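Below: one structure, written as structure tokens.
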Amino acid sequence: MLAVDFFHVDCAVTLQRLYCLFVIEVGSRYVHILGVTANPDGPWTTQQARNLLMDLRDHAADFRYLIRDRAGQFTGAFDAVLADAGITAVKIPPRSPRANAYAERFVLTTRTEVTDRMLIRQTAPAGNPDPVRDALQRAPTPPQPPAPPAPARSPGRGPFPGADQAPAGPRRPH
């Protein structure tokens, strides 16, 4: 399953708002930053869906559903591109962002860990057309918790008490 949404970043110098389109693979939590633009519209969003399918290649067959909101940027053409790949676009109910909880959680994490701690100076620095994408790719990933230690076993003993002992002979009645 996939979840898609936009989030915005305000540029402090140009006072311009940039919109970032992303898709998150719900099972693996892998995030695809599809693009950043100042004017997201239907044709741009549809092209980003095509780009996503090219990036996924054969992996696209693993997904059956894409959860999206009812924003005007997600047009019928956007849904048709996904339908051609066998992915059904599911619209969440009106005014219920919790129905797209995976995408909304990513937005919250991005705001608190990345964009609230950086200053976007330019919209297109030389050699880097997407400053938000670059910042997200350079953001540190949270450390993984260490694996729990294996239970200690005494030497010469199997997994069960008495498992390493020789079997007793046949029992005789008394």
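For this structure, a couple of remarks:
- Residues that are exposed (fewer than 15 other Cβ atoms within 10 Å of the Cβ) and not β-branched (Val, Ile, Thr) within region 9-32 comprise 10, 12, 15, 16, 17, 27, 28, 29, 30, listed in sequence order.
- For residue 24, the criteria (1) in contact with a Leu (Cβ under 6 Å, 6 or more places away or on another chain); (2) in a strand (DSSP E or B) hold in every case but one, which is (1).
- Of the residues making up region 41-49, at least one is outside any helix (DSSP H, G or I), in contact (Cβ under 8 Å) with a residue 24 or more places away in the chain and either among the small types (Gly, Ala, Ser) or surrounded by fewer than 20 Cβ atoms within 10 Å (Cβ to Cβ) (or both).
- Scope region 57-77; condition closer than 23 Å to residue 29 by Cβ, in a helix (DSSP H, G or I) and not basic (Lys, Arg); matching residues: 58, 59, 60, 61, 62
Taken together, the values in this text are just the output of simple stated rules run on the coordinates, not laboratory data. Owing to the predicted nature of the structure, the values given are computational and were not obtained by experimental measurement. Here the Cβ is made from the backbone with ideal geometry for all residues, glycine too, and neighbour counts use every protein chain on show.
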